[in-house]
Amino acid sequence: MGAFYIMKYFGKAGAGGGTLFIGRGVVVGTDIQGAKLDGTYNVIDDRMKGVVRMTSPASGATLVTGQTLPPGKEIDLNFDFPAHNFADGNWYPMTGYGEQPLMVSFEKVRDLADEGSEFHSAR
């Protein structure tokens, strides 16, 4: 089963946010500037380790780490978070573009059922 998450992040030059689906070894979503996020992960020794490719929007992007990206630029972002409690609202360190540090936090919106399984909303 996967879930839908709110993502918040900040670096030395600002803050941002977005939404992500994380589940079944896949990470996919978008941020507030319109960047597309698409990646994969594996759970190893209670750690969720992976890489997300970020594609900057058609207007380009100014990153929270201070760099500017041209339209359509693709960069890989590696991550290593606690596998079972990363969406606890705490801030976790991550290395951004150009090896610049940033902090990221996740909040679960809701679980999403796998195809073919039943899901009952709590609403």
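Please return the ranges of strands (runs of 3 or more DSSP E) entirely within the stretch 29-123 where 2 or more residues are basic (Lys, Arg) and under 17 Å from residue 19 (Cα atoms). Give the derivation first.
Details: elements: 36-44, 47-55, 74-82, 92-95, 101-112.
Hits in the stretch 29-123: 101-112.
Could you count how many residues in the stretch 18-35 are surrounded by fewer than 17 Cβ atoms within 10 Å (Cβ to Cβ), within 27 Å of residue 114 (Cβ to Cβ) and over 8 Å from the mean Cα position of the chain (by Cα)?
Selection size over the stretch 18-35: 4.
Checking residue 63 against (1) touching a helix residue (DSSP H, G or I) at 6+ places or on another chain (Cβ under 7 Å); (2) within 26 Å of residue 114 (Cβ to Cβ), which test does it fail?
(2)
With the requirement that a residue be in contact (Cβ under 8 Å) with a residue 40 or more places away in the chain, hydrophobic (A, V, I, L, M, F, W, C) and closer than 15 Å to residue 69 by Cβ, what does the stretch 1-36 give you?
The one that is in contact (Cβ under 8 Å) with a residue 40 or more places away in the chain, hydrophobic (A, V, I, L, M, F, W, C) and closer than 15 Å to residue 69 by Cβ: 13.
Within the stretch 58-68, is there a residue that is β-branched (Val, Ile, Thr), within 12 Å of the chain's Cα centre (by Cα) and crowded, with 16+ Cβ neighbours inside 10 Å?
no
Every number in this text was worked out from the coordinates using simple rules, so none of it is lab data. If you're wondering where the values come from, they're calculated on a predicted model, not measured in any experiment. Glycine also receives a Cβ, built like all others from the backbone with ideal geometry; neighbour counts cover every protein chain displayed.
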